[in-house]
Amino acid sequence: PPIRIDLGGSGQHVQPGWNAWTSEQDTGVCTCDIGDGVTATLEAISVEGRAKMHWRGEANTPGPLGFVAEDGVSPVGSADAGLRLSLTGLKPGRYRLETVHHAPAHNTDTMDIIDRQEGDASIAPAEVLHLVTPDGRTSAVAQTEGAEVPQHGPGRGLTRFEIAGESETATFEFTASEPGQSIWLNGFTLRPLPGEVG
């Protein structure tokens, strides 16, 4: 069965049928046991090395996968800040990773939002993210935004990859297509695929 992870800060609403990954706002690296012996590590990355992760929790975002989309993690502290997601402990085989990317907007003045946390209301969300896969390929991923999730659902990144040995780590990097824009990772689904490796 697939592993479904909903990321967000303290007090987040967890999507029914998904598992919560909740952390604090000022971490640079965070790990989580996501089940079946697999550990996920999330790290804020930047050329300047000053990035940290802002974990946002609890909002009110209606629409498909609204509980996933309203909470998430965004790298802050550097104009080129991105996120690196690493998966270890995977059994040899083929997998599909689907990531969710939605920049939530505030519905009230008390929301925990990135522009108030950083003190800069001009941080615009990226419309397109760059995803670098474990084999070094780069693809474009649409990121949705707003106080509601579009009817077609939040932005999603989809990639297939292989694990040849149990000591292998699968690493994915997410950055904005334009410097200075915010990116979000709200959740992900990891699904094993049938077939032999290679």
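Structure notes:
- If a spin label sat at a point 7 angstrom from the Cα of D36 along the line to its beta carbon, no backbone N atom of region 128-142 would be nearer than 17 Å.
- Mean ellipticity per residue at 222 nm, deg cm²/dmol - from DSSP H runs of n ≥ 4 across the chain, formula -39500 (n - 2.57): -1000 deg cm²/dmol
- Surface analysis of region 1-98 yields an accessible area of 40 Å² per residue, using protein heavy atoms and a 1.4 Å probe.
- Solvent-accessible surface (1.4 angstrom probe) belonging to T175, in square angstrom, nearest 10: 50
- With all protein chains in place and a 1.4 Å probe, the accessible surface of region 1-100 carries 47 percent carbon and sulfur.
- Shape category assigned to region 9-54 from the gyration tensor of Cα positions, a/c cut at 1.5: oblate
- Hull shadow area, averaged, the chain [alpha-carbon convex hull, nm²]: 10.6
- Prolate/oblate/rounded call for region 36-93, Cα gyration tensor, a/c under 1.5 rounded: oblate
- Lys, Arg +1 and Asp, Glu -1 on Cβ, resulting dipole of the chain about Cα centre, debye, nearest 20: 580
- Long-range amide H partners of N19 with built H, under 5 Å: R4, I5, D6
- The chain, relative contact order [Cα under 8 Å, separation at least 6], %: 28
The values are calculated or read from the model by the stated rules, or taken from the named source; none is laboratory data. The model shown is predicted, which means the values in this text are computed figures rather than measured ones. Every residue, glycine among them, receives a Cβ derived from its backbone with ideal geometry; neighbour counts consider all protein chains shown. Note: areas computed on protein heavy atoms with side chains; ligands, DNA, RNA excluded. Shrake-Rupley method; radii C 1.70, N 1.55, O 1.52, S 1.80 Å.
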